[in-house]
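All of the numbers you see were taken from the coordinates with simple rules; none came from a lab. Please read these numbers as outputs of a predicted model, since none were measured by experiment. Positions of Cβ are generated from backbone atoms using ideal geometry, with glycine treated the same way; all protein chains shown enter the neighbour counts.
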Amino acid sequence: MKRALALFLFVVSSAALAAPAELRTVLAALEPSQPGRINMYLLAVAGDGSQEVFRREVEFVRSQFDRDFGTRGRSVALVNTRSTASTAPPATVATIREALMGIAARMDRDNDILFLFMTSHGGKDHEFKLSQNATALPGLKPRELAEMLDDSRIRWKVVLVSACYSGGFIAPLKDATTMVITAARADRTSFGCEDENDFTYFGRAFFKEALPGSGSFFEAFGKAKSLVDEWEKNDKTSKAERSLPQIHSPVPLSEHLKKWWAQPKH
């Protein structure tokens with residue numbers, strides 16, 4: 001038993017040590033901003049590795065954005081899974097910070113747009129949960145993410161957090177150049193994070209069902225919110241309160257997104 005535990009800890013620590021080098025390789029391969037257009041960069045984070053639904057969701061979103069929204073070569077995924085062998089660097093507070101700074105270094109911070117997608121469990125204290133190989137990691141607090149984004153000096157941002165109590169991210173992150181979308185109100189849980197699922201409720205509603213037929217992220221949110229409300233209402237097995245997805249959509253950011261949306265995506 002002791003030998004097995006020692007081997008497990010060695011694997012975990014080795015992966016943690018390798019992660020920064022692996023992430024630096026990923027960031028070094030990012031394509032720089034293309035002059036004369038608004039480029040979008042994607043950072044997708046699967047936080048809790050104890051359930052594979054978050055990994056599957058991130059993989060879908062990255063493929064969708066690379067295919068439909070021109071982020072191929074400009075997308076990064078940080079993924080925690082039950083397996084020690086991952087196709088992406090793990091998600092920790094440190095790697096999220098490093099990824100944001102690395103993306104910022106490659107983009108035009110005053111013109112390009114960052115889409116940050118985070119999916120995991122969330123706590124009543126609004127902490128975004130991080131775990132890898134059944135090992136709990138320090139979670140990411142809303143104020144900490146706000147500081148990271150401020151430090152990156154990326155002007156235009158869309159941040160979507162799919163987690164219970166994720167509405168707690170809105171107040172710390174919102175400003176005139178940041179759209180914040182959350183799967184739940186600050187005092188409500190979200191749904192659909194079963195291990196066997198391909199999506200959480202909100203992830204499926206927003207990315208799979210609403211976004212492909214929408215002309216803006218704001219429009220997609222409205223459709224997704226209606227879908228989630230309907231699914232939760234029809235879920236006879238749940239006695240929990242509705243999740244009540246939230247959005248902060250400032251006019252300056254919306255106007256900049258219109259310019260991006262009007263461009264050819266490839």
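Stretched out straight at 0.36 nm per residue, the stretch from T177 to R143 would grow longer than its current Cα-Cα span by 10.5 nm. Using a/c under 1.5 as the rounded threshold, could you call the range 144-266 rounded, prolate or oblate? The axes a ≥ b ≥ c are square roots of the C-alpha gyration tensor eigenvalues, and prolate needs a/b larger than b/c, oblate otherwise. Because a/c hits 1.5 or more and a/b fails to exceed b/c, the range 144-266 counts as oblate. Taking 0.36 nm per residue of separation and subtracting the current Cα-Cα distance, fully stretching the chain between S254 and H266 would add 2.2 nm. The trypsin sites (Lys or Arg not before Pro) of the range 122-174 meeting both criteria, a DSSP state outside H, G, I, E and B (loop) and at most 14 other C-beta atoms within 10 angstrom of the site's C-beta, are K124, R153.
With the simple spin-label model, which puts each label point 7 Å out from Cα in the Cβ direction, the A134 to R37 separation comes to 4.7 nm. Classify the chain from the C-alpha gyration tensor, please: rounded if a/c falls under 1.5, else prolate or oblate depending on whether a/b exceeds b/c. Taking the square roots of the gyration eigenvalues as a ≥ b ≥ c, the chain is oblate.
Farthest towards the positive end of the charge dipole of the chain, among the residues T200, A28, W156, is the Cα of A28, using unit charges on the Cβ of Lys, Arg, Asp and Glu. Note on A21 and D198: the model spin-label points, each 7 Å out from Cα along the C-beta direction, lie 3.7 nm apart. The charge dipole of the chain, taken about its Cα centre with unit charges on the Cβ of Lys, Arg, Asp and Glu (plus for the first two, minus for the last two), comes to roughly 160 debye.
Within the chain, helices built from complete DSSP H runs that reach 24 Å or longer along their own axis (Cα positions) and carry a mean Kyte-Doolittle hydropathy of 1.0 or higher are 2-28.
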